[in-house]
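To keep things clear, I will list the structure first and then write my remarks on it.
What follows draws every value from the coordinates through simple rules; no lab data is involved. None of these values were measured; they are calculated from a predicted model. Because the Cβ atoms are built from the backbone with ideal geometry, glycine has one as well, and the counts that use them run over all protein chains shown.
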C-alpha cells in the first residue's frame, strides 16, 4: 500500500523563497509525536517539510520547494530535510534503554533497538524504525527525486555534521535507501529535460559534456536559436569543455 501523505498546515515556520534542490538530508526527531511536531512548529525557522511517523502517515508541513534551517551548516536553502519519528540514540541503564530524557516510562525495548558493533560518537544503542517507516522513507525519497530532478546527493545529518548522531553508518534501515538511490542517480546521469528545468548560470560544471550537449540539442529543438541559455551553453561548451578546462 502506498504511504499516505497528510498535509499539516500548523505553522508558517519556513521561508517561502524557492531554491534549486540538490540534497536530501535524513534526521531522527529524538522525540515522539506530537511533541516532535510541536517543537518543529516553534517560530525559529528551524523546520522540515516532512516527518515520517512511526505508522500510518507521512506528515507534510510545507512544500519542499521552500526552505527552512535544519542542518546547522550552510546547506539549508538547497536541501530538503526529512525527519523520522524515532528516539535515536539510547543509553543502557539497569537493563533498560533510555532516550535522552532518561525517563523509564519512555524506555525502548531491546527488541526495538539495535546494538552497534562499535560505539558511534559515544552511543552503542539506537532505536529501530518500524516497517512502515522503512517503506515510507523509500517512497518519499523516490517522490522527491522525481519532483526535484536536480537532487544528486543523499546524506544523513551525521554525514554532514560531526556532532550529530542521526544516523550511524551501521543503520541500514536508512543507509540501504540512500545506497539504492545513489546507485540510481549515478547510473542515470542523463537528465530528462523539461520546460521547468534549465542549467543555471554558474551551475554548468555540475553537468558532464554529454549532458551539456543534450541540453543544447533540446533547446534548439524546443526553443529555436534565440535562447539566452542556449547561447551561454554553446559558449561554455566551446570555451571550457572543448579546451579541457
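In whole angstrom, how far apart do the alpha carbon centroids of region 65-125 and region 13-56 sit? Here the answer is 15 Å between Cα centres. Seen against the Cα atoms of the chain and their longest principal axis, helix 209-223 is set at about 70 degrees. FRET efficiency for the pair residue 211 and residue 16, taken as 1/(1 + (r/R0)^6) with r the Cβ-Cβ distance and R0 = 25 Å, rounds to 0.25. Along its principal axes, region 49-180 has C-alpha extents of 48, 32, 26 angstrom, given from the largest down.
Against the chain, whose longest principal axis is taken from its Cα atoms, helix 131-147 shows a tilt of about 20°. The simple spin-label model puts a point 7 Å past each Cα toward its Cβ; for residue 227 and residue 161 those points are separated by 3.9 nm. The shape of region 1-89 can be summarised by an equivalent ellipsoid whose semi-axes, obtained from the alpha carbon gyration tensor, come to 19, 14, 13 Å from longest to shortest. Determine, from the Cβ-Cβ distance of residue 6 and residue 218 and an R0 of 25 Å, the FRET efficiency 1/(1 + (r/R0)^6), rounded to the nearest 0.05. Efficiency at R0 = 25 Å is approximately 0.10.
Taking only C-alpha pairs under 8 Å that are 6+ residues apart, what is the relative contact order of the chain in percent? RCO, the chain: 18 percent.
Based on DSSP H segments of at least four residues, each scored -39500 (n - 2.57), the chain has a per-residue ellipticity at 222 nm of -8500 deg cm²/dmol.
Against the longest alpha carbon principal axis of the chain, how many degrees, from 0 to 90 and to the nearest 10, is the axis of helix 172-187 turned? It works out to around 10 degrees. Over region 49-90, all Cα pairs binned in 5 Å intervals from 0 give whole-percent P(r) values of 5, 22, 25, 21, 17, 8, 2, listed from short to long. Computed from the C-beta positions of residue 93 and residue 172 and an R0 of 25 Å, the FRET efficiency is 0.45 to the nearest 0.05. Residue order for 125, 218, 87, fewest other beta carbons within 10 angstrom first, comes to 218, 125, 87.
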